[in-house]
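Data block below; observations after.
The values are calculated or read from the model by the stated rules, or taken from the named source; none is laboratory data. None of these values were measured; they are calculated from a predicted model. Reconstructed Cβ throughout: ideal geometry from the backbone, glycine too, with neighbour counts over all protein chains shown.
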Amino acid sequence: MPTAFSFATATEILFGRGQADQAAERIAALGRRVLLVHGRDPARSAVLRQAMVRDGCEVTSLTVAAEPEMAMIEAGLDHARGAQVAVVVAIGGGAVIDAGKAIAALLPATRPMLNHLEVVGQGLPLDHPPLPFIALPTTAGTGAEVTRNAVIGVPEHRRKVSLRDPRMLPRLAIVDPALTDGCPRVVTLASGLDAITQVIEPYVSTRASPLTDALCRDAIPRGLAALRRLMKDEDPAARDEMAWVSLCGGLALANAGLGAVHGLAGPLGGLTGAAHGAICGALLPHVLATNRRAVADARLATRLDRVAGWIGAAFDRPAATVEEAAVLLADWSRKAGLPGLAALGIDDRAEDAAADAALSSSSMKANPADLTAADLRATLQAAR
């Protein structure tokens, strides 16, 4: 019999090519005053905006050109309140979706944002339910369209922390792989490695369940194969695969947690401003090797070995050990164009601070091995 577990996700998920065509009608049914959160280039969201206007919506736009920080979210809240929005829609990558999710959550709130932030604040639950939130990802990476948190930078603390509440799960997630077609190679690589990390970490998590296992076992080898194809040629079928893998990662991490990759990536991003996906991609092979050396639970050691087998098989080495698989993945990632931590501007001081900060990270709570600050520093050095 399966062990006891719970599982929560977005109220509804639409997956597949062409599903974005339903977005405007579905949004209008939730509210006519819409905040449309999009990335740096508003043209990417123009079709959706026009469709919403045709369906009778009053649309107010908000540009998110970087990973969200407190000041950006506060400005977005003021903008949304002025427009008296009733529903929030985000179309873009993980940063855009996190920003939209945070604004939808905080618009009805009566307490300051800091009261609700983890680590640097009190981590209080929301005092009112969020506004309806709809997410349309345009990258295959974070899985933020089905998670219950938003990552927000707090520059004065040099940290990226989560705003988290079970009610922050989106009302509707529309995962249309066509929205990721033609995504730049560098973004595809970094976001794709983040997506693969987010099906690996929940699989080896101490909180894994039969349902998250089912998602991750299928997604890990599929993601590795699809990302390798996309580094060679633009391939719609591989885009479909990566969109599925990213969705699986969001579903799995929201229920089974993450691990040391994300435990380190949060502080490193806050300290340096380096892109989250690139940090995760650089760290993943080395965290796998560190965890395998330190893991004490035989069941979790077996899972790490199984992950190594999937990575090895992707590079025609199905019997690879975790150490061998880590080398294969790290070498391939570098040749594909992924920078190491040093090239991302991460120096010794940032590494030391991140290793200490990671120990208190919520992501570390589900890591398969109990790692020390020294373990984490050695891992960061290996990822340079």
Some residue of region 192-204 being in the same structural domain as Ala282 (by TED's automatic domain parsing), modelled with pLDDT of 95 or more and polar (S, T, N, Q): yes
Close pairs from region 181-193: first among the acidic types (Asp, Glu), partner assigned to a helix (DSSP H, G or I) and at pLDDT 95 or above, Cβ under 7 Å, at least 6 apart: Asp181/Pro236; Asp181/Arg239
In region 338-384, residue modelled with the highest pLDDT [restricted to those that are charged (D, E, K, R) and outside any helix (DSSP H, G or I)]: Asp370
Whichever residue in region 11-28 is of a type in the set (Gly, Ala, Ser) and surrounded by 15 or more Cβ atoms within 10 Å (Cβ to Cβ) and, among such residues, is farthest from Ala238 (Cα to Cα): Ala28
Residue identified as of a type outside the set (Lys, Arg) and farther than 30 Å from Ala274 by Cα among Glu74, Glu12: Glu12
Hits in region 177-188 - residues which are assigned to a loop (DSSP other than H, G, I, E, B) and either crowded, with 23+ Cβ neighbours inside 10 Å or of a type outside the set (Asp, Glu) (or both): Gly182, Cys183, Pro184
Scan of region 231-248 for residues that are touching a Leu at 6+ places or on another chain (Cβ under 8 Å) and either within 22 Å of Leu328 (Cα to Cα) or assigned by TED's automatic domain parsing to the domain that holds Thr142 (or both), ordered by number: Met231, Ala238, Met242
Leu253 being in a helix (DSSP H, G or I) and either crowded, with 23+ Cβ neighbours inside 10 Å or not assigned by TED's automatic domain parsing to the domain that holds Arg349 (or both): yes
Out of Pro210, Pro221, sole residue that is touching a Pro at 6+ places or on another chain (Cβ under 6 Å), surrounded by fewer than 23 Cβ atoms within 10 Å (Cβ to Cβ) and not polar (S, T, N, Q): Pro210
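Go through region 218-246 and count every residue that is in a helix (DSSP H, G or I) and either of a type in the set (A, V, I, L, M) or in contact with a strand residue (DSSP E or B) (Cβ under 6 Å, 6 or more places away or on another chain) (or both).
Residues that pass the stated criteria total 12.
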